[in-house]
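Colleague: Please see the structure below; I have some questions.
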Amino acid sequence: MHDRPTVFVVDDDESMRKALGNLIQSVGLEVLTFATAPEFLATELPDAPCCLILDVRLPGLSGLDFQTKLANANIAIPIIFITAHADVPMSVRAMKAGATDFLSKPFRDQDLLDAVQLALARDGTRHESEQRVSVLRARFEALTPREQEVMACVASGLMNKQIAGEIGIAENTVKVHRGNATRKMGVKSVAELVRIADLLGVRRT
């Protein structure tokens with residue numbers, strides 16, 4: 001489960017959970033179902049794209065309040081809301097908070113499956129981006145302190161001569177450190193190096 005796209009379902013209606021589980025499994029996706037939000041929170045998310053089908057009305061914490069709780073906890077998972085009691089303010093609140101879809105019961109199976117595919121694609125993009133940042137962060141941390149310092153100066157727009165003056169080394173030494181940083185970060189140009197520094201939040205201290 002931990003390396004395959006997974007759909008989570010939180011709905012207190014057992015028959016609905018079973019129906020949704022069967023539907024999602026019918027298209028070859030992993031699915032885990034829960035009756036309450038706390039049960040879902042106790043489960044480790046997979047290292048793969050995933051999404052959450054969430055009933056608006058739940059015992060205790062409502063689906064909309066649970067969406068807020070997930071956001072506050074920095075748990076990024078696309079949410080598809082389902083409800084038998086939809087109204088416009090409710091759907092607007094959910095969508096403004098980042099839900100990928102809001103479906104009223106009864107809904108067409110295909111509409112739900114389409115929403116699931118869209119949510120998994122969105123999470124897949126986020127997952128790939130996070131993995132790329134993680135790789136770049138590891139490469140940056142593998143640089144020597146001086147290479148990191150030179151990279152930060154380059155990202156600030158300083159020329160080699162200016163960097164040399166700023167950190168008190170020879171200009172040729174700056175060129176060596178900049179070349180090493182560029183090679184180790186896996187890029188071929190200063191422009192790419194600057195973009196990566198911006199992505200990682202690398203700044204002169």
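Colleague: So for I80, I167, fewest C-beta neighbours within 10 Å to most, what's the order?
Modeller: Arranged by neighbour count, lowest to highest, I80, I167 become I167, I80.
Colleague: Here's something else I'd like to know. Note down the Stokes-Einstein diffusion coefficient of region 63-120 in µm²/s, whole number, using a Kirkwood radius over alpha carbon pairs, 25 °C, and 0.890 mPa s.
Modeller: 208 µm²/s
Colleague: Could you tell me which trypsin sites (Lys or Arg not before Pro) in region 67-117 are loop residues by DSSP with no more than 14 other beta carbons within 10 angstrom of their beta carbon?
Modeller: The qualifying sites are R108.
Colleague: Then there is this: Could you check which residue among L23, L54, L158 shows the biggest mean-square fluctuation in a GNM of the chain with a 10 Å Cα cutoff?
Modeller: Maximum among the listed residues: L158.
Colleague: Which whole-Hz couplings ³J(HN,Hα) result when phi for each residue of region 160-168 is put into the Karplus expression 6.51 cos²θ - 1.76 cosθ + 1.60, θ = phi - 60°, listed in order with x for Gly and Pro?
Modeller: 3, 4, 5, 4, 4, x, 5, 10, x
Colleague: Using the 10 angstrom Cβ neighbour count as an exposure proxy, how do D3, D55 rank, fewest first?
Modeller: D3, D55
Colleague: Count the lysine pairs in the chain that are 8 or more places apart or on different chains: how many have C-alpha atoms under 17 angstrom apart?
Modeller: Within the chain, the lysine pair count is 5.
Colleague: If you don't mind, another one. Using Cα centres only, tell me the gap between region 1-76 and region 142-205 in whole Å.
Modeller: 44 Å
Colleague: Moving on to the next point. In region 10-50, which GluC sites (Glu not before Pro) fall in coil by DSSP and have 15 or fewer other Cβ atoms within 10 Å?
Modeller: On the way: sites: E14, E30, E39, E44; in loops: E44.
In loop regions of region 10-50 (DSSP not H, G, I, E or B), the sparsely surrounded GluC sites (Glu not before Pro) are E44.
Colleague: Moving to a separate point now. In what sequence do V27, V202 fall when counting other Cβ within 10 Å, fewest first?
Modeller: Lowest count first: V27, V202.
Colleague: Can you give the net charge of the other residues whose Cβ lies under 12 Å from the Cβ of G186, counting K and R as +1 and D and E as -1? Working shown, then result.
Modeller: Values: positive: R132, R139, R183, K184, K188; negative: E192.
Taking every other residue near G186 into account, the sum is +4.
Colleague: Work out how far the C-alpha atoms of the chain reach from end to end along every principal axis, then list the three figures in whole Å, largest first.
Modeller: Result for the chain: principal-axis Cα extents of 73, 34, 28 Å.
Colleague: As I understand it, the dipole of region 133-205 uses +1 on the Cβ of Lys and Arg and -1 on the Cβ of Asp and Glu, about the Cα centre. Which of G168, N180, T205 lies farthest toward its positive end?
Modeller: N180
Every number here is computed from the coordinates shown, using simple stated rules; none is lab data. This is a predicted model, so every value here is computed, not measured. Note that we place each Cβ from the backbone using ideal geometry, even for glycine, and neighbour counts take in every protein chain shown.
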